[in-house]
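Some notes on the structure that comes next.
The values are calculated or read from the model by the stated rules, or taken from the named source; none is laboratory data. In this text, all values refer to a predicted model and were calculated from it rather than measured experimentally. Cβ coordinates were reconstructed from backbone atoms using ideal geometry, including for glycine residues, and neighbour counts include every protein chain displayed. Calculation scope for accessible area: heavy atoms of the full protein, side chains included, ligands and nucleic acids excluded. Shrake-Rupley method; radii C 1.70, N 1.55, O 1.52, S 1.80 Å.
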Amino acid sequence: MHKLFSILIVSMLFCSLTAWAEESKKSQLHKQAESIDPKENIAKARSTFIHAFNDYANRGEIALATECATKATALYYRENYWQEAFDLLRRADMVISESKLNTPDRAANHYWVTKERFQMYMKMHRSESAKEHLNAMDNQANLSGDEALKNDLLYSKTLYYYTFGMTAQGNATFKEMVNKLTASKEFDKVDEVYKTLIANGRKSNNASLVAQSYSNYVAWKDSTDAIKHADEMKALKDQIAANEAEIAEKDSSLTTRWAFIIGLLILAGALAAVLVLGAVVLMRYILQTKKQKKIIELANDSNALKAKFISNMSAQLEPTLKKLDNRLPEVQALLDFSKHVQTLSELENSDAELEMEEVQVHQFCEELMDQIRGTEQNEVQLVVNAPKMSALVYRPYVSHILAHLLKNAAEYTPAEGKITIEFKKRGQHKIEFHVSDTGSGIPEEKRDDVFKPFLEIHDLTKGDGLGLPTCKQMALKMGGDLTIDTEYIRGTRFVLELKA
């Protein structure tokens with residue numbers, strides 16, 4: 001109830017200053033009108049408020065226009081210019097109705113205009129007309145959804161009931177407000193409302209309202225004084241209990257504090273020892289790290305020298321081998337081995353940037369499959385499963401890898417088998433080429449070794465074992481990878497994974 005009446009008092013005392021100043025700051029005309037004392041020059045004050053109303057209406061600032069119109073209206077009927085007052089309110093309603101306000105805001109502005117008419121009919125003691133406008137205010141307050149208007153409506157109903165002798169209804173409505181405020185213990189607000197109601201009764205010469213309000217006020221004052229005293233006593237007892245508990249806690253904590261201080265000293269000593277030990281460990285770690293770093297650098301340098309040596313050795317052997325009869329399988333095998341070693345060595349030591357090329361995927365795969373047509377066993381199906389789309393790849397490496405995989409598949413796929421090349425797009429930044437066959441497959445224990453060079457001694461006439469390691473190295477240079485699909489059980493499937 002306190003909350004309700006707090007809003008009500010704000011509405012009564014500042015209804016023109018706060019509740020309606022939502023759309024813009026007050027204009028100079030508005031401020032000028034408020035600066036004029038109606039007791040000294042009521043006509044000028046009224047005229048200035050009307051000018052401010054027209055100015056706001058033309059600018060579309062409806063809330064401030066409504067405020068100025070109702071203030072000018074009050075100054076009209078103060079001098080019994082009833083017709084002029086009603087005419088001005090009709091103009092205000094028309095401005096509100098023709099505005100672009102939403103329904104709740106339009107209803108809120110109509111509420112204040114209707115309330116001004118209600119007050120005029122109250123002054124004229126026209127009960128039926130006042131009741132009709134009170135009902136309209138009820139509808140407008142509900143439509144606005146504004147709790148402040150609903151609270152203001154309760155006060156207006158109370159005035160209506162008391163003014164026209166409906167004491168029981170007035171008491172019920174006023175009690176509703178007072179109970180809400182009292183429950184919130186906002187006693188000062190309730191006190192102010194009672195005094196305002198008594199003052200309004202005296203101003204309107206309503207003896208019944210004054211007497212009833214004063215009687216209720218005295219009764220409420222007595223009850224709230226008792227509540228205040230009880231609350232004060234309770235607060236005092238609570239404070240005493242809190243102080244006693246604090247003293248007891250401080251007394252009991254002295255021993256604990258000493259123990260805590262001793263514990264801190266012990267902990268500090270332990271931490272110091274740990275820090276010394278940590279410093280020793282850290283120094284050893286730094287020395288070992290430096291040593292390991294040197295070992296790694298030496299190993300890298302050694303690997304680079306080894307790779308360069310192997311590449312140079314292969315290059316130097318090649319002219320001699322070419323003088324031999326390359327029709328002999330052994331000579332041709334040595335030439336191929338020398339070439340493969342140089343290629344693998346160059347890949348491992350190359351940092352050159354790769355220039356990507358856009359290829360039509362389906363056509364690219366068909367061209368690669370054409371390279372093995374005629375080399376496959378009898379009735380082996382050659383299948384291309386690739387969409388008609390484009391992709392960015394480094395063509396030399398991708399062509400080399402896929403051609404090698406297809407060549408191996410043609411060699412190891414038995415008659416009536418199947419060789420497939422597929423393309424998969426795995427999201428925005430990843431693509432895959434799959435080469436699968438229905439051959440005997442690669443034993444599980446050898447799958448990790450097929451990509452490692454020089455693990456076994458080969459009969460070079462039957463292959464040097466550098467094909468797949470070279471393909472793997474090319475895939476890694478492109479930022480991708482070449483792996484064996486371990487879930488494929490009908491033969492062998494290689495997966496070339498690349499960045500899109």
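Every test in (1) open to solvent by 70 Å² or more (accessible area, probe 1.4 Å); (2) assigned to a helix (DSSP H, G or I); (3) of a type outside the set (Gly, Ala, Ser); (4) touching a residue at least 40 places away in the same chain (Cβ under 8 Å) is passed by residue 445 save one, and that test is (4).
Scanning region 169-181 for residues that are modelled with pLDDT under 70 and not charged (D, E, K, R) gives a single hit, 181.
The set of residues in region 46-62 being surrounded by fewer than 21 Cβ atoms within 10 Å (Cβ to Cβ) and assigned to a helix (DSSP H, G or I) consists of 47, 51, 54, 55, 58, 59.
Residue selection: residue 399 fails the criterion of being out of contact with any strand residue (DSSP E or B) (no Cβ under 8 Å at 6 or more places or on another chain), among the small types (Gly, Ala, Ser), modelled with pLDDT of 85 or more and open to solvent by 40 Å² or more (accessible area, probe 1.4 Å).
The number of residues in region 100-112 that are in contact with a Leu (Cβ under 8 Å, 6 or more places away or on another chain) and crowded, with 22+ Cβ neighbours inside 10 Å comes to 3. Taken over region 68-96, the criterion of being part of a helix (DSSP H, G or I) and open to solvent by 70 Å² or more (accessible area, probe 1.4 Å) is satisfied by 78, 83, 84, 90, 91, 94.
Remark: residue 341 falls outside the filter, which requires a residue to be touching a Lys or Arg at 6+ places or on another chain (Cβ under 8 Å) and either without any contact (Cβ under 8 Å) to a residue 24 or more places away in the chain or not polar (S, T, N, Q) (or both). Selection within region 121-165: residues that are within 16 Å of residue 175 (Cα to Cα) and within 42 Å of the chain's Cα centre (by Cα). The member of this set that is most open to solvent (accessible area, probe 1.4 Å) is 150. Checking region 349-366 against the condition returns a match, with at least one residue being over 20 Å from residue 437 (Cβ atoms), modelled with pLDDT under 70 and open to solvent by 70 Å² or more (accessible area, probe 1.4 Å). For first residues located in region 84-108 and within 15 Å of residue 118 (Cα to Cα), partners that are buried (at least 21 other Cβ atoms within 10 Å of the Cβ) and among the basic types (Lys, Arg) and lie 6+ apart or on another chain with Cβ distances below 8 Å form the pairs 86/117; 89/117. Scanning region 364-409 for residues that are hydroxyl-bearing (Ser, Thr, Tyr) and under 49 Å from the mean Cα position of the chain (by Cα) returns 390, 394, 397, 399. What are the residue pairs meeting all of these: first residue in region 472-487, first residue in contact (Cβ under 8 Å) with a residue 12 or more places away in the chain and at positive phi, second residue open to solvent by 40 Å² or more (accessible area, probe 1.4 Å) and of a type in the set (D, E, K, R), Cβ atoms under 6 Å, and 6 or more apart or on different chains? Note: pairs meeting the criteria are 479/499. The set of residues from region 466-500 being touching a His at 6+ places or on another chain (Cβ under 8 Å), among the hydrophobic types (A, V, I, L, M, F, W, C) and outside any loop (DSSP other than H, G, I, E, B) comprises 468, 471, 474, 494, 495, 496. Within region 158-181, residues that are over 17 Å from residue 123 (Cα atoms) and part of a helix (DSSP H, G or I) sit with their Cβ atoms under 7 Å from residues that are among the charged types (D, E, K, R) and open to solvent by 50 Å² or more (accessible area, probe 1.4 Å), at 6+ positions apart or across chains, in these pairs: 180/3; 181/189. Of all residue pairs spaced 6 or more apart or on separate chains, those with beta-carbon atoms under 8 Å, a first member in region 203-225 that is within 14 Å of residue 165 (Cβ to Cβ) and a second member that is open to solvent by 60 Å² or more (accessible area, probe 1.4 Å) and outside any loop (DSSP other than H, G, I, E, B) are 204/123; 210/202. Could you tell me whether region 310-326 includes any residue that is at pLDDT 70 or above and either open to solvent by 80 Å² or more (accessible area, probe 1.4 Å) or on the phi < 0 side of the Ramachandran plot (or both)? No, region 310-326 contains no residue that is at pLDDT 70 or above and either open to solvent by 80 Å² or more (accessible area, probe 1.4 Å) or on the phi < 0 side of the Ramachandran plot (or both).
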